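K.L.:
Can you read through this structure? Questions will come right after.
Readers should treat all values here as calculations from the given coordinates under stated rules, not as data from a laboratory. Everything numeric here is computed off the predicted structure, so don't read it as measured data. Using ideal geometry, Cβ is built from the backbone for each residue, glycine included, and neighbour counts are taken over all protein chains shown.
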Amino acid sequence: MSNDLSLQFDPVLFANRGRQFAGNIPVKDMPRIIELASNSDGEFYVTMTFSMSSLKFPMVKGTIEGEVGQTCQRCMGNTAVPISSQFQLLLITPDSLELASEEGHEIFEYTGQVITTASFIEDEIILSIPIVAKHADIEKCESPVKQWMHEFDEVPTDEKDNPFAKLKDLKL
């Protein structure tokens, strides 16, 4: 990790101090993202701001920007999937789940231990990755797929068979 990102954080301590940090996390430091990605190149820019909620629970607000290389499910070629995520989480222990649910924020449950920053961010990235990866623009897909997809676009609308056309000839 680079810049001023902490490798680990204690939610209570950081929230009490109002800590803020930002920096880059390389994809190679996130094994679960590597499993989903077609390559381990790149990094994510992360910002995190800690505070206390109205009921005195630690809270973290942040952003994640970057991209994950994945296999396009149209053409099976590589594509860069942009990730732009914002999160605001209440960090709670299991025994305070009921009280924390009154806050109305999304909840991240932990067991009172120090949290690894890369693992925490990895969870948020996984939630942001689309179920089906594909090129945003079909023109970027490999040639055979483009030709196949364009065949559907070229059918004139007046030549399509109307399934109800024969009904007009029926008499009641």
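K.L.:
At a threshold of 8 angstrom on Cα-Cα distance, excluding pairs fewer than six apart, so keeping six or more, what relative contact order does segment 8-136 reach in percent?
P.N.:
Across segment 8-136, relative contact order equals 25 percent.
K.L.:
Provide the net charge surrounding residue 126, with neighbours chosen by a C-beta distance below 14 Å and charges set as Lys +1, Arg +1, Asp -1, Glu -1.
P.N.:
My count for the surroundings of residue 126 gives -3.
K.L.:
Can I ask one more? Between residue 83 and residues 5 or more places away or on another chain, which pairs have amide H atoms under 5 Å apart, with H built 1.01 Å from N, and which residues are they?
P.N.:
Placed amide hydrogens put 66, 67, 68 under 5 Å from residue 83.
K.L.:
Projected onto the charge dipole of segment 8-136 (+1 at Lys/Arg Cβ, -1 at Asp/Glu Cβ, origin at the Cα centre), which of 113, 63, 126 gives the Cα projection farthest towards the positive end?
P.N.:
Highest projection toward the positive end goes to 63.
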